[in-house]
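The values are calculated or read from the model by the stated rules, or taken from the named source; none is laboratory data. Please read all numbers here as calculations on a predicted model, not as lab measurements. No Cβ is skipped: glycine too gets one built from the backbone with ideal geometry, and neighbour counts run over all protein chains shown. Surface areas here come from the heavy atoms of the whole protein model, side chains and all, with no ligands, DNA or RNA. Shrake-Rupley method; radii C 1.70, N 1.55, O 1.52, S 1.80 Å.
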Amino acid sequence: QVQLVESGGGLVQPGGSLRLSCAASGFTFSIYPMSWYRQAPGKERELVAAISSTGGITNYADSVKGRFTISRDNVKNTVYLQMNSLKPEDTAVYYCTRGDMSYWGKGTLVTVSS
């Protein structure tokens, strides 16, 4: 069955960095675009970043452009989100999803606080 398992979240100070990973299984990873979403307390889930199946095309929410980088490894069936210069407003549960949004991971919590 399809599984998406996020990891790498945690508590970090403002200005710090984290790298999230999403390990995929149960489908042909290399043919699907992948995305990262996040949901902050009391807010709707929002798109953070997306990447094409080959990794050649990426796009980002305006709020994270220049700070976050999405990438993927089609051998390891993993998509990553490198997050730099983190701000308190980046605090949220981060989810990865397959490009058709049919499957979601359980999420990993990122807390940015001093």
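Would a scan of the range 44-65 turn up a residue that is out of contact with any strand residue (DSSP E or B) (no Cβ under 8 Å at 6 or more places or on another chain) and of a type in the set (Lys, Arg)?
The answer is yes, given that some residue of the range 44-65 is out of contact with any strand residue (DSSP E or B) (no Cβ under 8 Å at 6 or more places or on another chain) and of a type in the set (Lys, Arg).
Would you kindly identify the strands (runs of 3 or more DSSP E) lying entirely within the range 1-106 that contain at least 1 residues that are of a type in the set (S, T, N, Q) and at pLDDT 95 or above?
On the way: elements: 3-7, 10-12, 18-25, 34-39, 46-51, 58-60, 68-73, 78-83, 92-98.
Result: 3-7, 18-25, 34-39, 58-60, 68-73, 78-83, 92-98.
Do you know which residues across the range 11-55 are closer than 18 Å to Thr78 by Cβ, open to solvent by 20 Å² or more (accessible area, probe 1.4 Å) and without any contact (Cβ under 8 Å) to a residue 40 or more places away in the chain?
Gly26, Thr28, Ile31, Ser52, Thr54, Gly55
In the range 77-98, what count of residues is obtained for those that are open to solvent by less than 10 Å² (accessible area, probe 1.4 Å) and under 15 Å from Gly9 (Cβ atoms)? Lay out the reasoning, then the answer.
Within the range 77-98, the first condition is being open to solvent by less than 10 Å² (accessible area, probe 1.4 Å), and the residues that meet it are 79, 81, 83, 86, 90, 92, 94, 96-97.
Okay, now just the ones that are also under 15 Å from Gly9 (Cβ atoms), so 79, 81, 83, 86, 90, 92, 94, 96.
Residues in the range 77-98 being open to solvent by less than 10 Å² (accessible area, probe 1.4 Å) and under 15 Å from Gly9 (Cβ atoms): 8 in total.
Which condition breaks for Thr78 when tested against (1) in contact with a Ser or Thr (Cβ under 6 Å, 6 or more places away or on another chain); (2) free of Cβ contacts under 8 Å to residues at least 12 places away in the same chain; (3) among the hydroxyl-bearing types (Ser, Thr, Tyr)?
Just one mismatch for Thr78, condition (2).
Table: residues versus (1) over 18 Å from Gly26 (Cβ atoms); (2) open to solvent by 30 Å² or more (accessible area, probe 1.4 Å); (3) in contact with a helix residue (DSSP H, G or I) (Cβ under 6 Å, 6 or more places away or on another chain); (4) not small (Gly, Ala, Ser).
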| site | (1), (2), (3), (4) |
| --- | --- |
| Ile57 | yes, yes, no, yes |
| Val64 | yes, no, no, yes |
| Asp100 | no, yes, no, yes |
| Lys106 | no, yes, no, yes |
